[in-house]
Amino acid sequence: MQLQQLFMNLMLNAIDAMKDGCGMRELEVKSQQAKDALVMVSVSDTGVGLPQQQADQIFNAFFTTKLHGTGMGLRISRTIAESHGGRLWAADNSPRGASFYFTLPATIEGHE
């Protein structure tokens, strides 16, 4: 359930980031094998992108760029990824939008 919450939060944030934009709107979800026995998933959009001057704060509790946001979604998402042995980070897209990446172990300890 937690991983589902992580995934849905990233997709809903991407959709929200594109709602007021003009031009082509694209949400892309990819997964691939990463090094060190990890799987990497990316959620990318063509929305407004990361907030300039504040990109390093987006994972802080109570930081939000949304009018009615709580500022907890990305903080909780990062905690979920880390509690499952992974990590979560973000990067700007060029020419517009953002990508969020998370990694998780490809196998569960004791299982193959």
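The figures follow:
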item: Residues being in a loop (DSSP other than H, G, I, E, B), within 18 Å of L74 (Cα to Cα) and open to solvent by less than 50 Å² (accessible area, probe 1.4 Å) - total across the stretch 4-52; result: 4
item: Lone unmet requirement of (1) modelled with pLDDT of 85 or more; (2) farther than 20 Å from S94 by Cβ for M24; result: (2)
item: Meets criteria (in a loop (DSSP other than H, G, I, E, B) and open to solvent by less than 30 Å² (accessible area, probe 1.4 Å)) for F59; result: yes
item: Failed item, numbered, when A91 is tested on (1) outside any helix (DSSP H, G or I); (2) touching a helix residue (DSSP H, G or I) at 6+ places or on another chain (Cβ under 8 Å); result: (2)
item: Any hit, the stretch 72-88, residues being farther than 16 Å from F100 by Cα and open to solvent by 90 Å² or more (accessible area, probe 1.4 Å); result: no
item: Pairs, first free of Cβ contacts under 8 Å to residues at least 60 places away in the same chain and of a type in the set (S, T, Y) in the stretch 55-76, second surrounded by 14 or more Cβ atoms within 10 Å (Cβ to Cβ) and in a helix (DSSP H, G or I), C-beta under 6 Å, six or more apart; result: none
item: Residue match in the stretch 40-49 (condition: more than 14 Å from S99 (Cβ to Cβ) and in contact (Cβ under 8 Å) with a residue 12 or more places away in the chain); result: no
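The values are calculated or read from the model by the stated rules, or taken from the named source; none is laboratory data. Note that the structure is a prediction, hence the values are computed from the model and not measured. Here the Cβ is made from the backbone with ideal geometry for all residues, glycine too, and neighbour counts use every protein chain on show. Remember, those area values only see protein heavy atoms, side chains included, never the ligands or the DNA or RNA. Shrake-Rupley method; radii C 1.70, N 1.55, O 1.52, S 1.80 Å.
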